[in-house]
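To start, the structure itself, in structure tokens.
The values are calculated or read from the model by the stated rules, or taken from the named source; none is laboratory data. All figures in this text were calculated on a predicted structure; none of them were measured in a lab. Neighbour counts are summed over all protein chains in view; Cβ atoms, including those assigned to glycine, are modelled from backbone coordinates with ideal geometry. Just so you know, the surface numbers come from the protein's heavy atoms only, side chains and all, with ligands and any DNA or RNA stripped out. Shrake-Rupley method; radii C 1.70, N 1.55, O 1.52, S 1.80 Å.
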Amino acid sequence: MAQKGPYIIKAEKTGKIVWCACGLSKNQPFCDASHKGTEFRPIVADVEEGKTYLWCGCKQSGRAPLCDGTHSKL
Ligand code: FES
């Protein structure tokens, strides 16, 4: 777990992000390749400029990379 709650981030441009699944990235909630050597793999997601996204910080979401509220039960 990187944080017990989502990272709420507005996309500055349309494109792709790479979400950290392992929780080790120093650039949460995005991948910085810290997963190397672990069983985890990041998830690539499309984002639209101006839209706000709730990226899962607890890394337990059933809808990863987005928050689904699972963190409230941890
Ligand atoms: S932060 Fe992981 S489900 Fe909400």
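Quick look at the numbers
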read-out	value
Sparse-neighbourhood loop sites, trypsin sites (Lys or Arg not before Pro) in the chain - DSSP loop, at most 11 other Cβ within 10 angstrom	Lys4, Lys13, Lys26, Lys36, Lys51, Arg63
Per-q log10 I(q)/I(0), the chain, q = 0.16, 0.18, 0.19 Å⁻¹ (Debye; single scatterer per alpha-carbon; no solvent)	-0.51, -0.64, -0.71
Probe 1.4 Å, accessible area per residue of the chain, Å²	64
Reach of Lys13 by Cα under 18 Å, taken over lysines that are not fewer than 8 positions away in the same chain	Lys51
Simple Cβ-charge dipole of the chain, Lys/Arg +1 and Asp/Glu -1, about Cα centre, in debye nearest 20	180
Among Val44, Ala11, Trp55 the positive-end extreme of the charge dipole of the chain (Cβ point charges)	Trp55
Carbon/sulfur fraction of accessible area - the chain, other protein chains in place, 1.4 Å, %	51
Net charge of Cβ neighbours under 12 Å - reference Ser25; Lys, Arg +1; Asp, Glu -1	+2
Net +/- balance of residues flanking Cys67 in space, Cβ distance below 14 Å, scoring K and R +1, D and E -1	+3
